[in-house]
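Any read-out appearing in this document is the output of simple, stated calculations on the displayed coordinates, not a laboratory observation. What you are looking at is a predicted structure, and each value in this text was computed from that prediction instead of being measured. No Cβ is skipped: glycine too gets one built from the backbone with ideal geometry, and neighbour counts run over all protein chains shown.
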Amino acid sequence: MMALRASGRCAGTLGRLTVVRRCARPTAGGRDGSRWEGVVGLEVHAQLCCNSKLFSGSHVQFSAPPNSLVSYLDASLPGTLPVLNKHCVEGAVKTALAVNCTINKKSTFDRKHYFYADLPVGYQITQQRCPIAVDGNLAYSLSVGKNNMIPKSVRIKQIQLEQDSGKSLHDDARTQTLIDLNRAGVGLIEIVMEPDMHCGDEAAAAVRELQLILQTLGTSHGNMAEGQLRVDANISVHQPGEPYGVRTEVKNINSARFLARAIDYEIQRQIEVLENGGKILNETRAFDYKSGQTISMRDKEGKQDYRFMPEPNLPPLIIYDNETLPANMNPQQVVNIDSIREQLPELPCVKRTRLVEKYGIRNEHSFTLVNEDGLVQFYERVVEQTQASPKKIIGWVINDFLALLKQDNFKVHQSPISPTDMAEVLNLLEDRLISSSVAKQVLVELWKGDGKTATQIVELKELGLIKDQKKLEQICQSVIENHPTEVSEIRQGNWKVINKLIGQVQRATHGRTSPSLVKSILEKKLS
């Protein structure tokens, strides 16, 4: 059996062509009226959330000084041997279980040969022939229109463990390339998706869902800006009923938005080439986000170019379950599928379903809650502490609270407003002590974080509802006298105009009136 090294815990467009953006109907039209269909498959490389590298004990840290985290093995010094990181294996198994893969209890490692300066040994250790997991499925939803979520799914061909390469830093001024090997040997999982998608929006939605799953599991931070999640897109076009066309591969896309743009551009580029009588080359391309175009890099390598061979320094990786775990085996020395399955957290799709069923909120609102880190917990704590209905609370959390977060680019855990603060505001509103417009004012005051409670803010600023009936009637009468045009329209039968008068009363009282009460007084006077 392979020895596993224990690791620290997880630390953390084309000229005149119109790009098709939404693909509820996944076809694009040619100039002659023919219909083309895009075919998209993805290879997602996720950096495993681990303190050390896949085969060496070197520390993993983003933006560390160049070449400061390089072991003898990472630098390919003769005589060094790889030792597999157990925690990376557990992360791969956990991810595979979350996307419904079959775990191979026996998997093997291969050498994938290619010669670049950022890979000193001349090959990458990966799992091409017999990966750790196969035959999975990722369910995701495609947003079409304002409130329409279309369920989709993509098959996952395999998930494999592999090591990352170093980083090439190109100095154009000095016409030289510098190599940083800090990233060399960092543990990755490659998730290979079947060509089940048809446009950029589908691919971007699938990647976002996968990213959310990885972050929920804690197997990868999935920060695309830091290169912790990188996507290669395989793209071709064909006419329905015809064989798939020649594909191109767009490499190393590090943004879901850029992924959608790159795929849609490439689909339209290929349609243009084919309609002009040209041929699509099987090539590797890059996406230039500034021009919005893909650019040819090199001919696409085939499997024979990589000269795959078994990795001689690593025996087969054996993974157990409760039935196959030997009685005399130390559980700390092995990876147990059943044990990992028991530790899986509530996955995003399950959490959304629970929120909809438990609180009666809309499906699209569940996506908003789950997609924002910590927002579900915030929402549920507010629900626990207030008598307001969950449906009413969701509007305040998504529209008002989330707007304050985005205003200062804060995360939920950085918010000056706690769930208790939000609940207090909503309780004041439910008890008809303040109006909804005042509630918004109080939230803005709470956001300043000066230590005052919602009740104290209402008292200090005299924001409570005006309950003196005579005073309200006087204010309403004054508004009626000062707006003869609106009054005339109402008396001619256009009662919708009464909302303007209600707004004037609210303005005169600085929001300290109940709109329903004001409406009742106005209707009585105008009748």
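One decimal place: the segment Ser437-Lys146 gains 102.2 nm when fully extended, by the rule 0.36 nm per residue minus the C-alpha distance.
Please say if the stretch 372-460 is rounded, prolate or oblate, where rounded means a/c under 1.5 for a ≥ b ≥ c the square roots of the C-alpha gyration tensor eigenvalues, and otherwise the choice is prolate for a/b larger than b/c and oblate otherwise?
Numbers: a/c = 1.70, a/b = 1.17, b/c = 1.46.
Note, shape of the stretch 372-460 comes out oblate.
Using 1/(1 + (r/R0)^6) with R0 = 56 angstrom and r between the beta carbons of Asn328 and Asn252, what's the FRET efficiency to the nearest 0.05? Here the calculated transfer efficiency is 0.75. Amide H contacts of Asn85: Arg5, each under 5 Å away and 5 or more positions distant or on a separate chain (H built 1.01 Å from N in the peptide plane; Pro and chain starts excluded). Report the one residue of Leu501, Asn482, Ser516 whose Cα lies farthest in the direction of the positive end of the charge dipole of the stretch 469-526 (charges on C-beta: Lys and Arg +1, Asp and Glu -1; origin at the Cα centre). Farthest towards the positive pole: Ser516.
Listed values [x] 44.9, 179; [y] 29.7, 97; [z] 26.6, 86 include one computed from this model; for Rg and Dmax of the Cα atoms in Å that value carries the label [y].
The stretch 139-202 and the stretch 36-104 have Cα centres lying 14 Å from one another.
The stretch 207-250 and the stretch 445-489 have Cα centres spaced 53 Å apart. Peptides 195-203, 170-178, 251-259 ranked from most to least packed by the mean count of surrounding Cβ atoms within 10 Å: 195-203, 251-259, 170-178.
Restricting the count to DSSP beta bridges whose residues both fall in the chain, what percent are antiparallel, rounded to a multiple of 5?
Restricted to the chain, the bridges split so that about 90 percent are antiparallel.
Under the simplified labelling scheme, the Asn282-Tyr114 pair shows an inter-label distance of 1.5 nm, with each label point 7 Å from Cα along Cα→Cβ. Counting 0.36 nm for each residue step from Gln343 to Ser527 and taking away their Cα separation leaves a gain of 59.6 nm. Between Lys391 and Arg298, the contour length at 0.36 nm per residue exceeds the Cα-Cα span by 28.1 nm. A dipole drawn for the chain from +1 and -1 charges on Cβ atoms has a positive end, and of Asn85, Gln343, Ala184 the residue lying farthest that way is Gln343. Residues Met149, Met297, Met422 in ascending order of nearby Cβ atoms (within 10 Å, fewest first): Met297, Met149, Met422. A protection proxy built from the mean count of other Cβ atoms within 10 Å ranks the segments 123-129, 479-485, 503-509, most packed first, as 123-129, 503-509, 479-485. Annotation: peptides 207-217, 56-66, ranked by per-residue average of other Cβ atoms within 10 Å with the highest first, follow the order 207-217, 56-66.
Can you compute the charge dipole magnitude of the stretch 27-310 about its Cα centre, using +1 on each Lys and Arg Cβ and -1 on each Asp and Glu Cβ, nothing else charged? Give it in debye, rounded to the nearest 20.
Values: 31 positive and 32 negative charges, 98 e Å.
Result for the stretch 27-310 is approximately 460 debye, rounded to the nearest 20.
Only helices enter the 222 nm calculation for the chain: every DSSP H run of n ≥ 4 contributes -39,500 (n - 2.57), and dividing by all residues gives -10000 deg cm²/dmol, rounded to 500.
Contact order, relative form, for the stretch 469-526: 39 percent (alpha carbon pairs under 8 Å, 6 or more residues apart, mean separation divided by residue count). Working from label points 7 Å from Cα in the Cα-to-Cβ sense, the Lys167 to Lys461 distance is 4.5 nm.
Computed from phi, the 3J(HN,Hα) profile of the stretch 188-201 under the Karplus parametrisation 6.51, -1.76, 1.60 (θ = phi - 60°) reads 10, 10, 9, 9, 9, 9, 5, x, 9, 9, 10, 6, x, 5 Hz, with x in place of Gly and Pro. Distance between the pseudo-spin-label points of Glu364 and Lys105 (7 Å out from Cα toward the beta carbon): 4.8 nm.
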